[in-house]
1. What part of the accessible area of the chain, given as a whole %, is carbon or sulfur when the probe is 1.4 angstrom?
2. So with the 1.4 Å probe, I'd like the accessible area per residue for region 165-286, rounded to whole Å².
3. Just to verify a number: what accessible area does Ser280 come out at with the full protein assembly present, 1.4 Å probe, Å² rounded to tens?
4. Holding the Cα-Cα limit at 18 Å, pick out from Lys26/Lys87; Lys121/Lys264; Lys130/Lys245; Lys92/Lys185; Lys105/Lys130; Lys24/Lys94 the pairs that are longer than that.
5. For region 240-286, what is the per residue volume of the convex hull drawn over the alpha-carbon atoms, in cubic angstrom?
6. With only alpha-carbon pairs counted, each pair once and no self-pairs, how large is the Kirkwood hydrodynamic radius of region 7-141 in angstroms?
7. Please list the non-local residues whose amide H lies under 5 Å from the amide H of Phe104, H modeled 1.01 Å from N, same-chain partners needing a gap of 5 or more.
8. Could you list the square roots of 5 times each eigenvalue of the Cα gyration tensor of region 99-213, that is, the equivalent ellipsoid semi-axes, sorted largest first and rounded to whole Å?
Amino acid sequence: NLPVHHYSIDGRPYVLMNPERLVKNKDLFTPRPDDVMVATYPRNGTALCLSLCMHIHIAQNPDLPSDHPFFTELEGDRGQTPWVHNKFIYEKEKIENMAGPRVFKTHNYYMHLNVDPGTLKIIHVYRNPKDVVCSQFHHMAPPVPYLAKMFEFEGSFSDCCDYFLDGGLENGCYWEFNREFLDNKDGHTMLHINYEELTLRKRDGIRKINEFLGYPAMTEEQVDAVVKGTTLVKLRKNQVGKPGKAREMLTAEQRERFDEKCRKEFDGYEGIPESYFSESAYMGQN
């Protein structure tokens, strides 16, 4: 039972923008080898990773035409890096006719990726749940009428934390969602990267994505260009912020509940930052 309006598809919750006809559709677009799908639980760094991918492609392809979708997206024409399972955005003909390389986003569960392994590249981004719950609370009660109407969440921030720990908000259980991607049981070509790498260690994160995309090593000047094009100020319209919001919004007791949940749910998983489990590591990150 989630405190927001949602569909239940194969036992997994989806927001009302994601109907079953799109979530389970295996013919939304024809994958290409240079396609990139950014897959995230909501509020886990989607906008930042999409922007990084676009800027890396631009840096490595100086001859991209000025009318390439990346440039129109960066100028404010949303939908050029489409959320392919969103009923308000999806247009098959437009996607099929897009010039490559293409970058998409999805909040679908792993079981609903609906692409064959090896047909495109997937970047799975995950974020400290203590910061995710802060971002989700603001996302569900925004000054954007259609979002407020879609969620109709009327609880307090404390309620939001309880719901998140007990099973989730807009996309259900954060831990279940991310564990399935980390397991990658079908063997997709997939990069796992956390939000902290993309913000606190941004230059390293850029190089990691660049290598995954198959490009040669970037020069310092190319990395500088990507950093400059993806500042948090530029992305603030998408509520992209630095890690650490839970220092202000969560009590010490709430942060410990999240740390304990992570210790349990991510037990045995390698590569998860210590700040997901430890108060001192979280409070000390910068």
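1. That fraction is 49 percent.
2. 50 Å²
3. 90 Å²
4. Lys121/Lys264; Lys92/Lys185; Lys105/Lys130; Lys24/Lys94
5. Per-residue hull volume (Cα only) is 84 Å³.
6. 15.7 Å
7. Result for Phe104 returns Val36, Met37, Val38.
8. Over the Cα atoms of region 99-213, the semi-axes work out to 28, 17, 15 Å.
The values are calculated or read from the model by the stated rules, or taken from the named source; none is laboratory data. All figures in this text were calculated on a predicted structure; none of them were measured in a lab. Note that we place each Cβ from the backbone using ideal geometry, even for glycine, and neighbour counts take in every protein chain shown. With ligands, DNA and RNA removed, areas are computed over all heavy atoms of the protein, side chains included. Shrake-Rupley method; radii C 1.70, N 1.55, O 1.52, S 1.80 Å.
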